[in-house]
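The values are calculated or read from the model by the stated rules, or taken from the named source; none is laboratory data. Being a predicted model, the structure only gives us computed values, none of them experimental. Here the Cβ is made from the backbone with ideal geometry for all residues, glycine too, and neighbour counts use every protein chain on show.
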Amino acid sequence: MTLRLLPPGLVNRIAAGEVVERPAAAVKELVENAIDAGARHIDIVVRDGGRTLIAVSDDGQGMTRDELVLAVERHATSKLPDDDLVDIRHLGFRGEALPSIGAVSRMTIASRARGASEAWSLTVDGGVKGAPMPAAQPAGTRVEVRDLFFATPARLKFLKAERTELQHALDVVHRLAMAHPGIAFTLSDGARELLRLAAAQGDLLDARLARLGAVMGRDFAQNALPLDAVREGIRLAGHAGVPTLNRGTAQHQYLFVNGRPVRDRLLVGAVRGAYQDFLARDRHPMVALFLELPPEAVDVNVHPAKAEVRFRDPGLVRGLIVGALKHALAEAGHRASTTVAGAALGAFRPGAATMPYRPSAAGSRGLYESAAAYQAPLATGTLAGLAEPSAPPPAAAPETPLSAAETHPLGAARAQVHETYIVAQTADGIVIVDQHAAHERLV
């Protein structure tokens, strides 16, 4: 075998395997370019899950004829003016996105620089670059990607259903939109509009909350705890949902580092550690955390997809996240989400279904009796209306004085429901304890 250099077209296709693994990755790269160009409005069209068409239009600074020709060359970028990989202040910086996308698709770029009197367009067909041509284009840039992966048909076999690929693209736009609330976004599939987000107004904290509410839902906006903590030059801002506003998966946990959406195990683990005393292991909180730190304190040049980062001091970052979240949760006290509270109140309305009571077996009363002995004397009577019809009426017993309940945070234990929950009485309300979660904490 003879050692030789690979042709540039083949090199670009190899690079595209890492940069453009699916249509959503192409959407991410193109939208990030638009954000870096200073766009205030970004319009995205994804047709057939991105297989047949991906179009991204922006009103950013645009490109001149010479810049357009250079933009589709490998490792050509305007985002490293000092050639310093430590000081990265843009979302993109590798100069691989456009040539990689053009190597596996039929791509057309039309752009007009701000203040310029003419626009230019350029085509790249399977890595073959055409000549720049005059075009009709307002200020900004429009990139059309057609027949994605036609040059690498094997990749098409690994794509999911159209709806799945479209959902991945929507998730990418959601994450970038949350990180940049001052930019308006629209997304459609060519026939119907799937997303429309107006540019948020007001200061950054209010704008972020408004954008988070638009993406994550009104429930999150109404039940989010604000975060703002600084430690050794690192700032953590954002919002965290109250513990009762939780989900069965970690899909609604959004993490950003210097405006860049990331998926980092350190950050996910920090969120889990902060909520471990408030949530069961199979439940996950809703959070949106924005970490801001000096560029030299984080390495974003870990993978071509730029979804992973490395921190110079990971212990400091984790401690900041855990501490800020725990402080916010402690400040909130026993606050419950409005959705949970509304459902609970609805259960007490006339005609609402009631949960049957099942007395516990003798062998499972250990923790219940321990909690009762620890908190306050247990009354021998049961809660009115909860006894089974066949059970004999309970003997009268003196009620535990409220003064005894007031001396304990969890009140006086009164009953056990479904062999799982302990119902306790306080001076001004009730406390429901998940005895299995309590047992885990005790041991």
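Taking I88, is it in contact with a helix residue (DSSP H, G or I) (Cβ under 8 Å, 6 or more places away or on another chain), of a type in the set (A, V, I, L, M) and modelled with pLDDT of 90 or more? When the stated conditions are applied, I88 does not pass them. Residue count for the range 266-288, restricted to those that are buried (at least 16 other Cβ atoms within 10 Å of the Cβ), over 16 Å from the mean Cα position of the chain (by Cα) and under 28 Å from R312 (Cα atoms): 2. Scanning the range 176-186 for any residue that is in the same structural domain as D66 (by TED's automatic domain parsing), surrounded by fewer than 16 Cβ atoms within 10 Å (Cβ to Cβ), without any contact (Cβ under 8 Å) to a residue 60 or more places away in the chain and at negative phi turns up nothing. Restricted to the range 189-249, the set of strands (runs of 3 or more DSSP E) holding at least 1 residues that are in the same structural domain as V172 (by TED's automatic domain parsing) and over 29 Å from D277 (Cα atoms) comprises 193-197. So, A119, is that one farther than 20 Å from V27 by Cβ, buried (at least 17 other Cβ atoms within 10 Å of the Cβ), of a type in the set (G, A, S) and free of Cβ contacts under 8 Å to residues at least 60 places away in the same chain or not? Against the criterion (farther than 20 Å from V27 by Cβ, buried (at least 17 other Cβ atoms within 10 Å of the Cβ), of a type in the set (G, A, S) and free of Cβ contacts under 8 Å to residues at least 60 places away in the same chain), A119 qualifies. A residue that is in contact with a Ser or Thr (Cβ under 9 Å, 6 or more places away or on another chain) and outside any strand (DSSP E or B) cannot be found anywhere in the range 267-275. Here is the figure for the range 27-72: residues that are within 19 Å of M178 (Cα to Cα) and assigned to a helix (DSSP H, G or I) total 10. Does the range 133-148 contain at least one residue that is on the phi < 0 side of the Ramachandran plot and in a helix (DSSP H, G or I)? The answer is no; no qualifying residue exists. Only one entry in A161, A169 is under 19 Å from E144 (Cα atoms) and either touching a helix residue (DSSP H, G or I) at 6+ places or on another chain (Cβ under 8 Å) or surrounded by 18 or more Cβ atoms within 10 Å (Cβ to Cβ) (or both), namely A169.
Note on the range 29-47: residues that are farther than 12 Å from V145 by Cβ, touching a helix residue (DSSP H, G or I) at 6+ places or on another chain (Cβ under 6 Å) and at pLDDT below 95 amount to 0. Please indicate, with yes or no, whether at least one residue in the range 2-12 is of a type outside the set (K, R), crowded, with 24+ Cβ neighbours inside 10 Å, within 26 Å of E165 (Cα to Cα) and in the same structural domain as I109 (by TED's automatic domain parsing). Yes, some residue in the range 2-12 is of a type outside the set (K, R), crowded, with 24+ Cβ neighbours inside 10 Å, within 26 Å of E165 (Cα to Cα) and in the same structural domain as I109 (by TED's automatic domain parsing).
Restricting attention to the range 107-128, does a residue exist that is out of contact with any strand residue (DSSP E or B) (no Cβ under 8 Å at 6 or more places or on another chain), in the same structural domain as P23 (by TED's automatic domain parsing) and in a strand (DSSP E or B)? Yes; the residues of the range 107-128 include at least one that is out of contact with any strand residue (DSSP E or B) (no Cβ under 8 Å at 6 or more places or on another chain), in the same structural domain as P23 (by TED's automatic domain parsing) and in a strand (DSSP E or B).
Number of residues in the range 14-26 that are modelled with pLDDT under 80, surrounded by fewer than 21 Cβ atoms within 10 Å (Cβ to Cβ) and within 14 Å of F150 (Cα to Cα) equals 1.
Report yes if T164 is assigned to a strand (DSSP E or B) and either outside the structural domain of A210 (by TED's automatic domain parsing) or out of contact with any strand residue (DSSP E or B) (no Cβ under 6 Å at 6 or more places or on another chain) (or both), otherwise no. No: the conditions fail for T164.
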